[in-house]
Every structure is written in structure tokens, then in C-alpha cells.
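For reference, the structure discussed in these notes is given below.
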Amino acid sequence: MPYRWRVSERQYGYGRGKVYPASAARGLLNPARRLVQPRSSIARRTGARPADSLLELGCGPGYFSGHLGRLVPDGRLILFDLQPEMLLHARRHAGGAGTGLVAGDALDLPFARGAFDVVFISAVLGEIPDPVGALREIHRVLRSGGRLLVVEVRGDPDRIAPAALSSMVTDVGFAAESRRGRGWSYTATFVRES
Ligand SMILES: C[S@@+](CC[C@H](N)C(=O)[O-])C[C@H]1O[C@@H](n2cnc3c(N)ncnc32)[C@H](O)[C@@H]1O
């Protein structure tokens, strides 16, 4: 049986393998980040439609959340994070009627099979000790034909390189759709095959 840590055993801090601490949440909202990761155009790459169900996994303090929420005015946006304090920050950025906040672990998502049309995940996978396990969970909660958008940024100690990401994600049963960005930040889109 694979090792499953309890939340209380996780190490919070900076550096490889540690979870980005909620106490430093403001660092993720630095306006300079917009130069490298323009939120609106990155959010649109999800291809989300107005009535879609969208899961933002590891939302942190909500850098992308408001822009994701605007894409699904007739659907719902679920903000999910290991740290409840992060959700409290994110709530301020995406407080629309269709927004839900859920605290939990990506390795054990509390959602039904096929519950979402789109999953968005930015700078999170590398913090999870078993990223393939998390991808399996994402695959389970996405509907057939649903889309996964992964965002990674240079300078993040847990960044996953495009080739390594592609290999993990396709092993789990996704088909690669597109990749954008070669410099500081890249986004990769995958489709859940049936
Ligand atoms: C570097 S921050 C990125 C936050 C946000 N996605 C962004 O791009 O600004 C990583 C986030 O992933 C969350 N996280 C790490 N491991 C997780 C897990 N196993 N399940 C859910 N969230 C997790 C952390 O709590 C943190 O908020």
C-alpha cells in the first residue's frame, strides 16, 4: 500500500518537497507575477464554457481564482486546497454565488467520478509526494472528454518540466492537447480519454 501522509505530518516552508506555506500567501499575489503569468489569458486556455463545473486544485490564495470563476457564470467553481487558510484568502478573489471552498488532499479528492468538466492546477503537482496518484484522482473526477490544464513556472523549486509532466499525465490516461509558453511559464492542456 502506498505511503499516505497525514496533513499534520506535512512540512510547510520553502524548497523542494515542501508545501508552500499559507503564512507567505501574499508572495503568490505579487502584481509582478502578472507579467509572467497573465491570469485572464491563462484561465481562458481551459476552454471552460459558462455552465461548466471547474475544479481549481491547490488554489492557494486565489491568484487565478477570480478569472476562472468569471468563465463559468452559470456553472460552478470549486476551490480546493490542503490548507484551509489558503481558502480563506482565495474566497476574497472568487466569492461568486457558484463558488465552493473545500479543504482536503489531492490524493483523496472528495468528489464523485466525472464530477467536473475542467480541472485547473498551477504550481501544485510538484509539492505532492505522489503526483501520479494525484493525477489518477484528477482523471477519476473529470468527465470523459473533460480537460486538465497544468501551469508551471520557472523559479518554483517544485516545477515539473514539460516532458516529465507529459509522460506522467499520458500514463494515467490523458491525451496531450496543447502546450503554450517556453520561457518563464508554460501551460499544458490534456483531455481525459474515456
Ligand atoms: C505554490 S502554491 C500555488 C497556489 C496557486 N495554485 C498559484 O498558482 O498561485 C501550492 C498550493 O498547493 C497546495 N497543495 C500542496 N499539496 C497539496 C495537496 N496534496 N492537496 C491539495 N493542495 C495541495 C498548497 O497548500 C498551496 O496552496
- For the range 99-116, how many residues are in contact (Cβ under 8 Å) with a residue 24 or more places away in the chain and closer than 14 Å to G62 by Cα? 3
- Can you work out which of the residues in the range 67-84 that are part of a helix (DSSP H, G or I) and under 14 Å from the mean Cα position of the chain (by Cα) is surrounded by the most Cβ atoms within 10 Å (Cβ to Cβ)? L68
- Which of (1) farther than 23 Å from I78 by Cα; (2) buried (at least 19 other Cβ atoms within 10 Å of the Cβ); (3) near the ligand (Cβ under 9 Å from one of its atoms) does I160 not meet, given it meets every other one? (3)
- Task: Just give me the residues in the range 92-138 being under 18 Å from Y20 (Cα atoms) and in a helix (DSSP H, G or I), in sequence order.
- Result: A106, L107, L125, G126, E127, P131, A134
- Per-region count, the range 19-48, residues more than 9 Å from the ligand (Cβ to nearest atom), part of a loop (DSSP other than H, G, I, E, B) and not hydrophobic (A, V, I, L, M, F, W, C): 6
- Considering residues that are near the ligand (Cβ under 9 Å from one of its atoms) and either under 13 Å from E56 (Cβ atoms) or crowded, with 21+ Cβ neighbours inside 10 Å (or both), the number found within the range 128-154 is 3
- Single residue of the range 49-62 satisfying the filter (surrounded by fewer than 24 Cβ atoms within 10 Å (Cβ to Cβ) and of a type outside the set (S, T, N, Q)) that is nearest to the ligand (Cβ to nearest atom): G58
- Query: Just one of L87, L55 is part of a strand (DSSP E or B) and not polar (S, T, N, Q); which is it?
  - Reply: L55
- Task: Considering (1) more than 13 Å from the ligand (Cβ to nearest atom); (2) over 20 Å from S178 (Cβ atoms); (3) in contact (Cβ under 8 Å) with a residue 40 or more places away in the chain, say which one G69 fails and leave the rest.
- Result: (3)
- So is S194 farther than 17 Å from R33 by Cα, of a type in the set (S, T, Y) and free of Cβ contacts under 8 Å to residues at least 40 places away in the same chain or not? no
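No lab work stands behind these numbers, since they all come straight from the coordinates. Keep in mind it's a predicted model, so treat the numbers as computed, not measured. Neighbour counts run over all protein chains shown; Cβ positions are idealised from the backbone, glycine included.
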